[in-house]
Amino acid sequence: MRRRSALGLGAAGAAALVTGCVPLQPLGDPPERPERKQVSADGRPLREGGHLVMALSSEPDRLDPTTSSSLYTRFVMQTMCEKLYDISADGEIVPMLATELPTISEDGLTVEIPLKDGVLFADGAEFDAEAVRLTLERHLTLEGSTRASELGPISAVEAIEPLRVRVKFESPFAPFTAALADRAGMIMSPQALDELGEDFGNHPVGVGAFKFVRRVPQTAIEVEADPLYYDADNVHLDRITYRIMTDANIRAANIQSGDVHVADSISPQDFEALQAVDGVGTLQVESLGYQGLTVNVGHAPEGQEPPSTPLATDERVRQALSHAVDRNALVNTVFNGWYTAAGSPISPSSPYTSPESRHLPAYDPDAAKALLEEAGVEIPYPVRVTVSNTQDGLRYAQALQAQAKEAGFAIHVAPMEYTAVLDAQSRGDFEVVLLGWSGRVDPHGNAYSFWTTGGGNNYPGVSDPEVDRLLEDATQVTDIGERAEVYGEAVARMQEVNAFIYLYRVRSLTAHRDDVAGVAVYADGVVHLSHAAFLDGDRS
């Protein structure tokens with residue numbers, strides 16, 4: 001009911017419009033922030049059993065690997081729906097339910113994947129090549145799938161042996177293995193798919209250290225250790241509860257008091273203070289993802305006409321909006337130097353980076369005003385920005401609002417609950433959304449489905465033949481340097497179209513109690529709890 005209420009307010013324009021002023025701080029060199037990705041037991045004995053509570057900063061969407069689009073769903077699914085591949089602490093792709101990296105034919109059109117033996121789903125069904133085939137075909141064919149464009153031009157999926165899958169492509173597709181290290185590689189129980197169909201997300205069944213128990217909407221999701229898990233000897237906890245705590249102050253307070261054991265997305269405003277608290281530890285890692293403005297250029301709710309405003313139809317107006325943002329000054333002001341400015345979907349730490357993908361569009365309010373005048377629009381030009389109603393999101397939106405005034409924009413900030421923002425974005429019921437993407441190892445996962453015509457995450461409704469061609473070309477190139485060049489060309493065009501205006505990259509900031517070990521967070525932003533444990537002699 002809360003989701004519908006928030007959406008109704010947004011659609012009717014009755015949500016509170018935030019106004020405010022956040023003074024910009026002077027720029028300086030950002031402090032060094034050494035990464036700490038996992039909690040080691042450091043030789044201390046582990047205690048078997050216990051109930052761990054994690055404070056989750058937002059409500060996950062549907063627990064269905066085929067249709068999910070929320071980072072927070074990946075947190076929960078990490079414990080109960082393993083993938084064919086995973087990423088390591090070093091950001092490398094490693095086998096998970098597969099036994100080794102895929103074998104690829106010389107022409108790049110055939111891929112074979114060997115699978116682990118003796119693995120069972122949580123419902124007792126056997127994990128085999130047929131289960132993989134059914135999952136991949138569901139990703140490709142289910143209406144509303146957000147995985148289809150991630151998997152590429154597949155022509156056939158075959159279970160050629162009980163533990164070997166063959167995938168055939170119409171043309172070579174370099175990002176395929178990386179896609180299988182994310183939701184596209186989460187394998188679902190064929191028995192559960194047969195029984196539940198599209199209702200799978202209400203009672204998901206996969207292979208994992210834990211299995212689904214219950215969900216109380218807006219409150220909590222609970223999982224328990226799965227005795228059928230193939231590596232059950234290395235699972236220490238009895239149960240995990242993901243408690244939804246959208247308020248950053250409340251998450252920080254609950255970690256400090258010990259009422260929760262792990263908390264994600266700690267605000268930079270709280271992180272340094274928590275580092276000094278006795279009994280609390282922290283993890284931090286650079287993200288592969290980005291935060292930015294999604295501009296609606298051609299997406300409308302069913303039965304309605306696409307937007308026809310100057311912002312939607314004139315590149316000059318969107319270019320002006322990009323010039324209205326001093327990316328470095330805003331992250332310095334709002335996030336105390338913990339986050340970094342961004343101008344593209346490709347992280348500077350990626351092997352596919354290039355000068356073009358690292359380029360930050362200039363902050364130039366005079367050029368922005370000149371573009372608005374050239375476009376013949378009213379000044380100040382009004383823009384409604386929908387934002388998740390978190391403290392950090394609202395602080396950034398308010399700072400952006402204040403800064404953009406100088407460039408000729410009147411930004412109205414419309415806060416919504418996170419899941420309501422996702423719904424509005426998916427339906428096309430927005431002008432501009434301030435939201436982000438947690439990031440993938442391969443740039444394909446950060447760009448293709450968002451930018452290509454008809455892509456599963458193409459929320460702006462953008463269709464640009466040049467971007468389509470370049471992103472398609474990048475999927476067929478295997479040389480890292482060549483792919484980086486192609487992505488650089490694509491970014492140059494993206495910064496002209498500005499259907500997405502990239503703003504900054506977060507650092508994943510996680511807090512934990514000192515009596516917990518085995519917690520990890522990697523560059524994809526997901527907190528790993530499958531092998532977490534309490535330390536012997538300490539309170540759970």
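The table below gives the values:
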{"quantity": "When residues of region 472-498 are limited to those that are of a type in the set (D, E, K, R) and more than 17 Å from T452 (Cβ to Cβ), the one surrounded by the fewest Cβ atoms within 10 Å (Cβ to Cβ)", "calculated": "D479"}
{"quantity": "Meets criteria (modelled with pLDDT of 95 or more, among the hydrophobic types (A, V, I, L, M, F, W, C), part of a loop (DSSP other than H, G, I, E, B) and surrounded by 21 or more Cβ atoms within 10 Å (Cβ to Cβ)) for V297", "calculated": "yes"}
{"quantity": "Region 49-69 residues that are in the same structural domain as R239 (by TED's automatic domain parsing) and of a type in the set (A, V, I, L, M), paired with ones that are part of a loop (DSSP other than H, G, I, E, B) and at pLDDT below 90 (beta carbon under 8 Å, 6 or more apart)", "calculated": "L52/S540"}
{"quantity": "Pair list, Cβ under 7 Å, 6 or more apart: region 120-144 residue within 15 Å of L163 (Cβ to Cβ), other residue at pLDDT below 95", "calculated": "none"}
{"quantity": "Leading residue by the ranking (modelled with the lowest pLDDT) among those in region 481-540 that are closer than 23 Å to A320 by Cα and basic (K, R)", "calculated": "R505"}
{"quantity": "In region 169-201, the residues that are within 20 Å of S70 (Cα to Cα) and under 21 Å from the mean Cα position of the chain (by Cα)", "calculated": "A178, A179, L180, A181, D182, R183, A184, G185, M186, I187, M188, G201"}
{"quantity": "Selection from region 213-230 of residues that are out of contact with any strand residue (DSSP E or B) (no Cβ under 6 Å at 6 or more places or on another chain) and under 22 Å from G144 (Cβ atoms)", "calculated": "P217"}
{"quantity": "Neighbours by Cβ (under 9 Å, 6+ apart or cross-chain): first from region 186-204, exposed (fewer than 13 other Cβ atoms within 10 Å of the Cβ) and in a helix (DSSP H, G or I); second charged (D, E, K, R) and modelled with pLDDT under 95", "calculated": "N202/R62"}
{"quantity": "Region 144-174, residues that are under 20 Å from M188 (Cα atoms) and in a strand (DSSP E or B)", "calculated": "I154, A156, V157, E158, A159, I160, E161, R164, V165, R166, V167"}
{"quantity": "The lone exception for I501 - which of (1) in a helix (DSSP H, G or I); (2) under 18 Å from the mean Cα position of the chain (by Cα); (3) β-branched (V, I, T) it fails", "calculated": "(1)"}
{"quantity": "Only listed residue being under 29 Å from S438 (Cα atoms), of a type in the set (D, E, K, R) and under 23 Å from the mean Cα position of the chain (by Cα), chosen from D364, D392", "calculated": "D392"}
{"quantity": "Filter pass, A367 being of a type outside the set (D, E, K, R), under 19 Å from K405 (Cβ atoms), surrounded by fewer than 17 Cβ atoms within 10 Å (Cβ to Cβ) and assigned by TED's automatic domain parsing to the domain that holds L434", "calculated": "yes"}
{"quantity": "Qualifying residue in region 222-232 (condition: surrounded by 15 or more Cβ atoms within 10 Å (Cβ to Cβ), of a type in the set (D, E, K, R) and over 27 Å from L115 (Cβ atoms))", "calculated": "yes"}
{"quantity": "Any hit, region 68-88, residues being surrounded by fewer than 17 Cβ atoms within 10 Å (Cβ to Cβ) and over 17 Å from K211 (Cα atoms)", "calculated": "yes"}
{"quantity": "Residue list for region 285-310, filter: among the small types (G, A, S) and in contact (Cβ under 8 Å) with a residue 12 or more places away in the chain", "calculated": "S287, G289, G292, G298, A300"}
{"quantity": "Residue ID - farthest from the chain's Cα centre (by Cα), chosen from residues in region 214-228 that are in contact (Cβ under 8 Å) with a residue 24 or more places away in the chain and on the phi < 0 side of the Ramachandran plot", "calculated": "L228"}
{"quantity": "Residues of region 441-455 that turn out to be in contact with a Leu (Cβ under 6 Å, 6 or more places away or on another chain) and within 27 Å of T246 (Cβ to Cβ), as a count", "calculated": "0"}
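The rows are residues; the columns are (1) at positive phi; (2) in the same structural domain as A407 (by TED's automatic domain parsing); (3) not in a strand (DSSP E or B).
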{"position": "L237", "(1), (2), (3)": "no, no, yes"}
{"position": "N249", "(1), (2), (3)": "no, no, yes"}
{"position": "S265", "(1), (2), (3)": "yes, no, yes"}
{"position": "L293", "(1), (2), (3)": "no, yes, no"}
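Okay, residues lined up against (1) closer than 30 Å to G481 by Cα; (2) of a type in the set (A, V, I, L, M):
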residue	(1), (2)
Q319	yes, no
T333	no, no
L360	yes, yes
A368	no, yes
E374	no, no
V385	no, yes
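Conditions (1) over 21 Å from the mean Cα position of the chain (by Cα); (2) in a strand (DSSP E or B); (3) under 24 Å from V325 (Cα atoms); (4) modelled with pLDDT under 95, marked per residue:
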position: Q401; (1), (2), (3), (4): yes, no, yes, no
position: H412; (1), (2), (3), (4): yes, yes, yes, no
position: S426; (1), (2), (3), (4): no, no, no, yes
position: V441; (1), (2), (3), (4): no, no, no, yes
position: G454; (1), (2), (3), (4): no, no, no, yes
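The values are calculated or read from the model by the stated rules, or taken from the named source; none is laboratory data. Since we're looking at a predicted model, the values are computed, not measured. Cβ atoms come from the backbone with ideal geometry, glycine included; neighbour counts cover every protein chain shown.
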